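Heads up, the thing below is written out as structure tokens.
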Amino acid sequence: MVIVEVINLKVEELIGMDFKCECGKRHSVEINSVKIGSNIIEQLPEFLKEFKNKKILIVQDVHTYDVAGKRVEETLNNDFLLKKYVFPQEHLLPDVYALGRVLIEIEDDTELILGVGSGVINDICRYVAYRAHVPYAIVCTAPSMDGYASVVSPLITDGFKESHKAAYAYGIYADIDIMKNAPMYLLCSGLGDVLGKYTALADWSITNLLTGEYYCKTIADMVQAAVDKCVAAAPRIPERNHEVVKNITDALVLSGITIGMSGSSRPASGSEHHIAHGWEIMFHTRNSEEKWVHGNFVGVGTVVMSMLFEALKDIDIESVMAKKSFRYYDMNKWRQNIESVFGKVAGNVINYKKDAIELNPDKRQENAEKIAANWKEILDIGHTIVPSSENVKKILQDSGCVWHPEELGIDKDLFIKTFIAAKDIRTRYGVVHLIDDLGLTEEIANLIADKLYKSSNI
């Protein structure tokens, strides 16, 4: 298959795709069907005909049951054996309780798990399906995140959110007439998750440059094309326009597909997700009833990380190398910051990250020298891929979406601490790890905080 053709294919046309790529890998998409449009729920019996007269477990929450679950049941009731479970929580989390609850509901003759919902429901169903060796499908209720077509599930265990291997969906069914009427913060969440691909792609390219980690330009170009299409339509989000919501949904599903194609979440998740996951863990630890969801945090994180890429341009790399402050790593200070941000789950974060920290001064010198040797190329990647922070901010503002950490309930002092901790949420390399390798994390955290919180920004 010609690479240019792949980049220009619609999401539905990628299903069943299998081709040898210029990157050296063979890419395939193991999803049975993706249907995005109008009157999708009414067509479910046809999409799921393989499971006719078989047991389907429908999983939903109190909100998605009202929005779509009732219609799903009515549509499938005649030709399928249905069992349903409705999570009663007002704010459902993808934690061990939720996973166990669904496992209890699965009966021996269950042939399919059918989720009705968005982020949390999808993550729960996908992981349980993977563990129980039962296929799952999802009826999407909001264009709020890129996980519908993913093969990983971010789950909360002992207060720490970490991605776990999971299953491709059998089918993804997105009725735009339902999706466009989702609460506005969920529409904004989808946009935020899409915008995060800018800094994710830059992180991926920089890591490939510095470490030789696998990189696929075809996948990167596919994601970039989807993001550009979504951004062009973003200002019309408040109108709840059918075409705009479909474009966002297309981009989100495509992003998930590229995760499966690449074998990791690299094309979809970078340093903007690191800081976003950190904020989510922090608020969860503090038992805060957040009105924001994952993609809202990612959107704000993208503004922050675009500011970080801008800050790289002002670094005098020769001066940094001459000072050699990067040779020593203060583990006590590192622990204290994590403990101040994450409280009772700080131990989990520390145990997760501690072995990945290079403490040998000579090894740290080598890492810094490699960055310095590739400095021009690193700056070129940021300049080419990442839009200005003002542009990212404007996209979110024009769409009526949250963009500033203060809107999330994060003051300046807390922002600095969480920015410093972003590198500790994932070991996967990104620009937050790059500045840490240069010994500049705290300095840049304060620099960005001063710009973000000067006078009144929101």
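FYI, it's all coordinate maths here, none of it is from the lab. A quick note: this is a predicted structure, and the numbers were derived from the prediction, not measured.
Per-structure values
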{"item": "Three-way shape label, the range 368-442, alpha-carbon gyration tensor, a/c 1.5", "result": "oblate"}
{"item": "Flagged links, alpha-carbon separation over 18 Å, of Lys83/Lys165; Lys20/Lys229; Lys323/Lys370; Lys180/Lys246", "result": "Lys83/Lys165; Lys20/Lys229"}
{"item": "Whole-Å distance, taken between Cα centres, linking the range 8-65 and the range 429-447", "result": "40"}
{"item": "Using alpha-carbon coordinates, inclination of helix 375-385 to the longest axis of the chain, degrees", "result": "30"}
{"item": "Folded to 0 to 90 degrees: helix 441-452 orientation relative to the chain principal axis, Cα", "result": "70"}
{"item": "On Cα atoms only, tilt of 361-373 relative to the major axis of the chain in degrees", "result": "80"}
{"item": "Spatial separation of Cα centroids for the range 66-108 and the range 352-382, in angstrom", "result": "47"}
{"item": "Value of relative contact order over the range 3-182, rounded to a whole percent, pairs C-alpha under 8 Å and six or more apart", "result": "23"}
{"item": "Cα-Cα over 31 Å, subset of Lys197/Lys376; Lys353/Lys376; Lys161/Lys393; Lys10/Lys417; Lys49/Lys70", "result": "Lys10/Lys417"}
{"item": "Dimensionless Rg over Rh [the range 3-182; C-alpha; Kirkwood]", "result": "0.97"}
{"item": "Residue-averaged [θ]222 nm for the chain, counting only DSSP H segments that reach four residues, each worth -39500 (n - 2.57)", "result": "-16000 deg cm²/dmol"}
{"item": "Relative counts (whole %) of C-alpha pair distances in the chain, using bins that are 20 Å wide", "result": "26, 57, 17, 1"}
